[in-house]
Amino acid sequence: MTATTWDPIDGEVVATRPDEAAVTAHPLAGLVRNLTGPMLLVCLAGFAVAVFSDAWQFHGIAAATVGFLFVLFGSELTGENRNRRARIANAAHAAGHLGGTKLPEGKIARLAGRIKSLLVLRVGASIPIVLEHEIWGKTRANIPFWMGLSLIQSQALFGGPKNAVRAGPKTTHGETAMFVVAYRLDRDTRIHAEIMPEFATAKGPFDQDVKTESTEFNETFNIRLRSEEGEAVAKGVSSAALLQVLTPATQATLIDLSQSYAARVIIDRDTVFFGGYRNFQTTDASALQRLLTEAVEDFAEAATAFKRYVE
Amino acid sequence: MLTTLIILVIIAIPVTWAVSQNALVAGRERVNEGWSGITIQLKRRHALVPNLVQAAQTAMSHENAIFDKLLGAREEAVRLMSGGTPEDITRAEAQLTSALNDFVSYAEDTPEITANENIRLLQSQLEETEDQIAAARRLYNGNVTSYNMKLEQVPYSFVAGRGGFERASLYDVDAAEFKRISADLSVAALGLGGGST
């Protein structure tokens, strides 16, 4: 099935519903998964030795190189990266969505230019969102959306993230799904607002962002307004337009979504970009597929949950 | 050494006092802003009620005691909005909510009302307003809880006792009541959900 659909970067695109893809288990996949964490430590330790010790410099460089190559190519050689691509295509197929394909490099660059704040690393905040694939679909309320997403291997320490979904035998290993959903509003908000989780370097005397009437919302989110050129706008400017967007119901919904998805939002005039994460703490292939398929649907619903309050 | 310590303590006390005072003032301001957020949504609800009643009367071509009760509750709520205490306002809004519930129950049994497109639009706006009130109430109560907790904590408690900072009251209208109106309007009375109740 091929159809023309809305896209936040290209305006309109022609996309195809993906076929089901096979997920194959490599016999060494479990071993590689278990060794990824230790090899990452070997890489870091080797790097430290190479920098700080003259006598052991060669050994340090060797350890860092081996650890780095293992982390870089381990998943590729055991087919895990291919399996992740297959799971994303299967999730799109199961939901009747289009795409499930790799994001073109040029589009990634244009996305990075438009929603840079969603994709950058901040001190004391979650890992930055990385987008590798894209899906086009419609929510249950028939709202067309574009979704950028990726899956990465993760290992939970100290019980794992609080919003992790667990399935199958107990394990510390799993996958982290990163999402950005974009959709259009029925009106031009006349603002470019970035509503990000509060981060370590924006607290105390550095806490200079726009404030709403809610203490809880202000403690959860950091709000910045930007001009058309991307420059930060002074606090008072456009605040009326911003408050029209951040109604009490919008704020309450975003607080809830921050708990479940570590939500972050960019409202760019008439387009909303909603980003977040989902952690699946399982290595069972069928459970991973089911959880990802559900997460794709649920995340699109969550992203559009506050649409009518913004409009 | 002792002199330095004494100087540091002398500096630290007023600084801590000032920081605590500022934090409490900011907390009280957030409580006021939160209350303002609720009143904005309540006023929006007040503005919708006369239009809703007028549209219902037009659709039915006759008067009904439920309309009078609804308009009376609305008038009382509007009157108390300017000058009433938060407790008075809360009580009046609870009565308005009750009158709206009666109206919704009546509308469910009256096809002339549910079939009217204008009333559907007004009820849809009312439904969204009830969502906004419930959310504003939640945000306000969050502010109150945060502010009241500060009043009990050291060093804020020292400043609060001497600075005239008083505990704020929660907005206690049952959120479930607002939700009931929303659900009734969207699903049963308007038939928008496609299901039966």
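The values are calculated or read from the model by the stated rules, or taken from the named source; none is laboratory data. Quick caveat: nothing in here was measured; it's all calculated off a predicted structure. Cβ atoms come from the backbone with ideal geometry, glycine included; neighbour counts cover every protein chain shown.
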Taking region A:124-154 only, how many residues are part of a loop (DSSP other than H, G, I, E, B) and out of contact with any Asp or Glu (no Cβ under 9 Å at 6 or more places or on another chain)? 9
So, in region A:258-309, how many residues would count as being within 14 Å of chain B (Cβ to nearest Cβ), among the hydrophobic types (A, V, I, L, M, F, W, C) and crowded, with 20+ Cβ neighbours inside 10 Å? 1
So in region A:275-294, with the set limited to residues that are of a type in the set (S, T, Y) and not in a helix (DSSP H, G or I), which one is nearest to A:P128 (Cα to Cα)? A:Y277
Tell me, please, whether a residue that is more than 19 Å from A:G204 (Cβ to Cβ), touching a Ser or Thr at 6+ places or on another chain (Cβ under 9 Å), surrounded by 15 or more Cβ atoms within 10 Å (Cβ to Cβ) and facing chain A (nearest Cβ under 9 Å) can be found in region B:16-27. no
Please work out if A:A263 is under 16 Å from A:M196 (Cα atoms), modelled with pLDDT under 90 and assigned by TED's automatic domain parsing to the domain that holds A:I129. no
Strands (runs of 3 or more DSSP E) contained in region A:173-243 and holding at least 2 residues at pLDDT below 90 and within 21 Å of the chain's Cα centre (by Cα): A:173-184
Going by the structure shown, is A:I255 modelled with pLDDT of 95 or more, in contact with a Ser or Thr (Cβ under 8 Å, 6 or more places away or on another chain), buried (at least 23 other Cβ atoms within 10 Å of the Cβ) and not acidic (D, E)? no
Show me the helices (runs of 4 or more DSSP H) found entirely inside region B:1-114 where at least 3 residues are closer than 21 Å to A:E213 by Cα. B:2-60, B:86-108
Could you list, in sequence order, the residues of region A:90-112 that are out of contact with any Leu (no Cβ under 7 Å at 6 or more places or on another chain) and not in a helix (DSSP H, G or I)? A:G96, A:H97, A:L98, A:G99, A:G100, A:T101, A:K102, A:P104
Hits in region B:126-167 - residues which are in contact with a helix residue (DSSP H, G or I) (Cβ under 7 Å, 6 or more places away or on another chain), aromatic (F, W, Y) and more than 9 Å from every other protein chain (Cβ to nearest Cβ): B:Y156, B:F165
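Taking the stated definitions as given, is A:I61 out of contact with any Phe, Trp or Tyr (no Cβ under 6 Å at 6 or more places or on another chain) and farther than 23 Å from A:R278 by Cβ?
Numbers: out of contact with any Phe, Trp or Tyr (no Cβ under 6 Å at 6 or more places or on another chain): yes; farther than 23 Å from A:R278 by Cβ: yes.
Criteria met by A:I61.
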Find the residue count for region B:1-40, including only residues that are of a type in the set (V, I, T) and touching a residue at least 60 places away in the same chain (Cβ under 8 Å). 4
